[in-house]
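The values are calculated or read from the model by the stated rules, or taken from the named source; none is laboratory data. In this text the structure is predicted, and so the values were computed from the model without any measurement. Glycine gets a Cβ as well: all are built from the backbone with ideal geometry, and neighbour counts include every protein chain shown. Keep in mind that these areas ignore ligands, DNA and RNA; they rest on the heavy atoms of the full protein, side chains included. Shrake-Rupley method; radii C 1.70, N 1.55, O 1.52, S 1.80 Å.
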Amino acid sequence: MNERQEAYLNLIERVLTCPHGQEPEILKASSDLVDAGFVAMLIKISASMASEGDEYTAKFLEKLACLLAKSVKVPPEAITTEYSSVRGYKKVRSPHNL
């Protein structure tokens with residue numbers, strides 16, 4: 001794992017453990033990390049959480065990935081997740097449908 005991937009994981013951990021409602025502030029403060037790679041890491045961690053049975057966290061990360069994908073110019077329909085596949089979906093739904 002490279003340094004940037006570790007930074008992504010640290011940011012995800014901060015978002016997951018912050019008080020409710022402070023997620024946007026944390027993401028804004030680390031906006032240099034919010035890119036297509038971060039969105040991909042969110043999807044990867046979402047799948048991991050789903051396989052561990054933590055569907056609430058998995059769905060939260062999946063929704064966050066969809067919302068951020070739009071801001072970093074990654075089309076939501078281009079994001080395929082293992083979590084969504086396990087749940088019976090082929091692709092993550094558009095953020096407009098969340």
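What number of residues within segment 3-28 are charged (D, E, K, R) and touching a residue at least 24 places away in the same chain (Cβ under 8 Å)? Reasoning before the result, please.
So the first thing to find is which residues in segment 3-28 are charged (D, E, K, R), and the list is 3-4, 6, 13-14, 23, 25, 28.
Applying the additional criterion that residues be touching a residue at least 24 places away in the same chain (Cβ under 8 Å) yields 4, 23.
Total satisfying the criteria: 2.
Quick check on segment 8-22. Is at least one of its residues modelled with pLDDT of 95 or more and acidic (Asp, Glu)?
yes
It is to be established whether one or more residues within segment 69-78 are surrounded by fewer than 16 Cβ atoms within 10 Å (Cβ to Cβ), in a loop (DSSP other than H, G, I, E, B), of a type outside the set (Lys, Arg) and touching an Asp or Glu at 6+ places or on another chain (Cβ under 8 Å). Can you show your working first?
Just the residues of segment 69-78 that are surrounded by fewer than 16 Cβ atoms within 10 Å (Cβ to Cβ), to begin with: 70-73, 75, 77-78.
Still in the running and in a loop (DSSP other than H, G, I, E, B): 72-73, 75.
If we keep only those that are of a type outside the set (Lys, Arg) too, we end up with 72, 75.
Next, from what is left, pick out any that are touching an Asp or Glu at 6+ places or on another chain (Cβ under 8 Å): 72.
Among the residues of segment 69-78, at least one is surrounded by fewer than 16 Cβ atoms within 10 Å (Cβ to Cβ), in a loop (DSSP other than H, G, I, E, B), of a type outside the set (Lys, Arg) and touching an Asp or Glu at 6+ places or on another chain (Cβ under 8 Å), which makes the answer yes.
Can you run down the residue pairs with Cβ atoms below 8 Å, 6 or more apart or on separate chains, where the first is in segment 53-65 and touching a residue at least 60 places away in the same chain (Cβ under 8 Å) and open to solvent by 70 Å² or more (accessible area, probe 1.4 Å) and the partner is in a helix (DSSP H, G or I) and hydrophobic (A, V, I, L, M, F, W, C)?
The qualifying pairs do not exist here.
Considering every residue within segment 56-66, establish whether at least one is in a helix (DSSP H, G or I) and modelled with pLDDT under 90.
Narrowing segment 56-66 to residues in a helix (DSSP H, G or I): 56-66.
Pick out the ones that are also modelled with pLDDT under 90 and you get 66.
Yes, there is a match, as at least one residue in segment 56-66 is in a helix (DSSP H, G or I) and modelled with pLDDT under 90.
Can you name the condition, by its number, that THR80 falls short on among (1) modelled with pLDDT of 95 or more; (2) farther than 16 Å from LEU27 by Cβ?
(1)
Could you run through segment 18-34 and say how many residues are within 13 Å of LEU64 (Cα to Cα) and open to solvent by 80 Å² or more (accessible area, probe 1.4 Å)?
Going through segment 18-34 one residue at a time, the tally reaches 1.
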